[in-house]
Structure formats: C-alpha cells, structure tokens
1. Give the number of residues within the range 242-298 that are at pLDDT 95 or above and of a type in the set (Ser, Thr, Tyr).
2. Considering each residue of the range 122-171, count those that are touching a residue at least 24 places away in the same chain (Cβ under 8 Å), among the basic types (Lys, Arg) and more than 19 Å from Leu29 (Cβ to Cβ), and give that number.
3. If you go through the range 140-171, how many residues are closer than 10 Å to Cys15 by Cα and basic (Lys, Arg)?
4. I'd like the full set of residues that are of a type in the set (Asp, Glu), in contact with a strand residue (DSSP E or B) (Cβ under 8 Å, 6 or more places away or on another chain), assigned to a strand (DSSP E or B) and more than 19 Å from Ala301 (Cα to Cα), limited to the range 131-174.
5. Tell me, yes or no, whether the range 332-350 has at least one residue that is within 18 Å of the chain's Cα centre (by Cα), over 17 Å from Pro414 (Cα atoms) and modelled with pLDDT of 95 or more.
6. Scan the range 349-368 and tell me whether some residue there is surrounded by fewer than 18 Cβ atoms within 10 Å (Cβ to Cβ), of a type outside the set (S, T, N, Q) and under 24 Å from Leu122 (Cβ atoms).
7. Among the residues of the range 236-252, write down those that are touching a residue at least 40 places away in the same chain (Cβ under 8 Å) and in contact with a helix residue (DSSP H, G or I) (Cβ under 8 Å, 6 or more places away or on another chain).
8. Give me a count of the residues in the range 203-213 that are farther than 19 Å from Leu271 by Cβ and not in a loop (DSSP other than H, G, I, E, B).
Amino acid sequence: MDGTNSLEAAERTTCCVVGGGPAGMVLALLLARAGVEVTVLEKHGDFLRDFRGDTVHPTTLSLLDELGLGERFARLPQRRVTTIQLPLGRDGTLVTVGNIAALRRRYNYIAMVPQWDLLDLLADEAGREPAFTLRMDTEATSFLVERGRVTGVAYRTSDGRTGELRATLTVACDGRGSLARSLPELGLRRFRCPMDAWWFRLPRHDGDPHGLVGGAGDRFISAMIDRGDYWQCAALIPKGSDATLRAAGLERFRDTYGAAVTWVADRMDTLTSWDEVKLLDVRLDRLRHWHRPGLLCIGDAAHAMSPVFGIGINLAVQDAVAAARHLVGPLSGKAAGLPAAVRRVQRRRRPTTALTQGLQRLAHARVIEPVLAGRPPLGRPQRAKRVAELVTTSRRLNRVPAYFLAYGALRERPPAASVRRDSRPEGAGSPSSRSDPGHT
C-alpha cells in the first residue's frame with residue numbers, strides 16, 4: 001500500500017461491528033460492557049439522517065431501563081404514541097383499532113425520538129467503556145478472507161485513506177445495502193413487494209388526532225405519525241410508479257392526498273417542492289444464511305423489512321440483544337465454541353423474523369395491493385367492514401394489533417454482564433476519549 005494514503009500498522013479488535021445504526025450500537029454497547037473489545041465502523045460523520053425510523057418500542061424502552069439508561073432517555077425530546085387509528089367509521093371517521101395505553105405494562109406507549117438522539121445516547125454510554133471504539137467517517141469496503149474465513153474488513157476513511165482491521169468476528173449491521181449481501185453463499189431471498197413509499201412532513205394543528213393515523217386515497221395508502229408540532233407522513237404508492245406520479249405534478253398529489261385525508265387539506269400547500277418528498281424503495285427480503293465463518297449478519301443486513309407495522313427497528317435491536325447474549329462468552333474467552341454461538345443467533349431470531357415477514361406479506365397481498373390497484377381490501381367491502389367491526393368492538397381483539405406493534409413476537413434479554421441498574425452520571429466519562437473519526 002502507498003504509505004501516504006494507507007494506515008500501515010496492523011489493526012486488530014475482537015469484534016468489528018460494521019454500521020452504527022440501532023442494531024450496531026446496541027450490540028457494541030452490550031459487548032463492551034461485558035469486557036469484549038469491539039470497534040464500530042460508521043461510514044458517516046454523524047448520525048443525522050432525515051426520515052429514519054424514529055420509533056422506540058416498549059421492548060427497547062425496557063432494555064434501556066435494564067442498562068441504566070432509562071432516566072437519560074426520558075430526558076430526550078420525544079412524543080408518546082398510544083393509539084392506532086384508521087378511517088373505518090361512517091363517512092371515514094377515525095376509529096381506534098389499537099390502544100397501546102390499555103396494555104397492562106410499564107411501557108404502554110411507543111416513544112418517537114429522533115434516531116440520532118438515541119444513537120448519540122448509546123455512543124456516549126458505550127464510550128465510557130475501555131473496550132469500545134467508534135470510528136466515524138470510516139466505510140468498510142470489502143471483507144478480508146483467509147482460508148475461507150472472514151478475518152476482518154478493509155476500509156476507507158472520508159479523506160481517502162485506506163487500511164485493514166482484523167477481527168475474531170465481524171458483525172454486519174449496515175442495513176439492507178450491506179456489504180455482506182453481495183456474498184452469494186448467504187443466499188438472499190426476495191419477496192414480492194407491491195409498493196414504495198413517499199415520506200414528507202406536514203404541520204400539526206391543535207385539534208388534530210393523536211398517535212398513529214392511517215388512511216387510504218386514490219390508489220395510495222397514507223400513514224401519519226404524530227411528532228408533536230408536525231406530522232411525519234408516508235404515502236404508499238404502487239411499486240415503480242414514482243417517476244410517473246411525479247410527472248403528473250405536485251399539485252395533483254396535494255389535491256389527492258388532501259381529498260383522502262380531509263383534515264389536512266388546509267395545509268397541503270405547505271408542501272412546495274418534490275424535493276420535500278423522499279422516496280423509499282420498499283423491500284422485503286431475508287438471507288437464507290445469516291453467517292459464514294468469521295461473519296454474522298443481523299438487523300436489516302440479514303432481513304430487510306417492509307414498513308408495515310413499523311417494527312423493523314424493534315426487530316433489529318432484539319437481534320442485537322440476542323447476538324450479544326450468545327456471543328459474550330466465546331468472544332470474552334469465558335466459553336468455547338464461537339461458530340456454534342453464531343449459528344445459535346440465527347436459530348433464535350429467524351423464526352420471529354419469518355413470522356413477522358409472513359404477516360407483512362399477508363398485509364401486502366390482502367390489503368395494500370388491492371387498495372393500490374383500486375380494489376377493496378380482503379376481497380369484498382363487506383368482509384373488510386366486518387373485520388373492522390370485530391377489531392374495534394372487541395376489547396381482546398383491539399389489544400392484538402396494539403401488543404404486536406408495541407412488543408413484537410419475542411423479547412430478548414441482555415447478557416447479565418451488560419446490565420447496569422444505575423448508569424454512571426453524565427460527565428463520568430466521554431466517548432471522545434475512544435471515539436476515532438477516521439482513526440487519526
């Protein structure tokens with residue numbers, strides 16, 4: 001390598017985490033607290049990204065409590081969502097189909113917190129651990145492979161320098177665009193997806209509904225998340241129709257959306273440019289194999305989720321918790337069998353992932369695809385009406401969507417060595433002492 005543009009010293013860590021999203025940061029914090037040397041490579045210079053998933057579910061809130069971070073998290077600016085509302089009443093009036101507040105749990109709400117605030121909190125707390133290193137502006141560009149085993153990654157920093165980081169285990173947490181997804185032996189399985197999503201913001205007014213609010217218009221479905229002073233809005237559109245719909249003009253979209261969601265019609269003119277409408281290419285897929293020797297994939301790197309039910313982040317965090325519990329022993333040298341531990345992570349998490357994706361595929365086929373094609377959901381209008389009546393009038397059925405959205409199918413427990421009931425006060429340490437932008 002050219003000495004002016006590369007880092008010559010041999011670099012090693014026990015666990016290399018590729019990607020500083022929720023799954024990567026949670027895994028790194030849990031491992032570092034248990035004494036495992038861990039290095040996170042994050043290609044961006046900060047965690048600021050608009051329209052990232054900002055939902056923090058009750059399972060994650062409980063985890064933060066177990067880690068001694070509940071009070072610090074509670075001080076972050078946030079909005080609490082307790083209801084799911086759909087326009088199922090007469091004349092399209094909103095009806096509550098899921099009441100999270102009715103669940104008899106300590107955390108009976110979903111916290112809406114900017115994801116960068118959550119990631120900053122996790123990075124700050126992990127930075128107090130001597131075993132933790134965070135390297136921002138550092139992108140993993142390829143895997144190092146020796147005798148069929150992944151032994152680390154090659155990387156490039158934002159200023160063009162290159163280097164290699166060797167690790168006992170590399171964990172891909174870098175999302176659906178993961179470097180690991182190019183490995184044919186992992187076997188990416190794609191599922192048909194009928195929609196894409198437009199994300200944008202609208203002002204929120206006094207007297208507006210609260211919580212998560214859904215609706216349907218002319219060949220699109222809306223979902224609106226109460227963020228306090230604004231609505232984070234999604235419009236589901238037919239797959240691949242982005243260019244055609246944009247060509248029809250922004251005014252037409254504003255009129256269509258306002259006609260479907262009548263109580264926001266008076267503010268649609270605040271959407272002044274297509275630049276304010278961001279496209280999400282919706283995907284639903286899953287790796288057949290989440291691992292190979294020296295490598296493990298979790299979160300969206302292992303399974304890209306549809307936005308239906310809004311639980312992708314929750315699944316990714318639970319992947320990280322399960323991975324930490326199985327990996328702490330082998331990586332800390334207190335137990336043998338790292339390959340077996342890696343396999344156990346997939347065996348533990350795959351059923352929950354497959355179940356959730358199966359329900360998403362069912363929602364795609366029976367609800368979303370018909371609506372986007374201009375047909376009634378569930379085959380017949382009467383059937384959809386009957387299901388709506390059952391969900392809204394039955395206390396028990398009303399709790400099912402609320403519980404699934406809030407808690408998912410399976411809650412994981414962190415390793416005992418990572419639990420802190422009373423996290424050190426702010427100021428007891430600083431991530432800057434171990435935060436390494438580009439490893440300068």
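1. Counting residues in the range 242-298 that are at pLDDT 95 or above and of a type in the set (Ser, Thr, Tyr) gives 4.
2. So the answer is 3.
3. Final tally of qualifying residues: 1.
4. Correct list: Glu164 only.
5. Within the range 332-350, one or more residues are within 18 Å of the chain's Cα centre (by Cα), over 17 Å from Pro414 (Cα atoms) and modelled with pLDDT of 95 or more.
6. no
7. Leu236, Ile237, Pro238
8. The qualifying residues number 1.
The values are calculated or read from the model by the stated rules, or taken from the named source; none is laboratory data. Predicted, not measured: the structure shown is a model, and the values here were computed from it. Glycine gets a Cβ as well: all are built from the backbone with ideal geometry, and neighbour counts include every protein chain shown.
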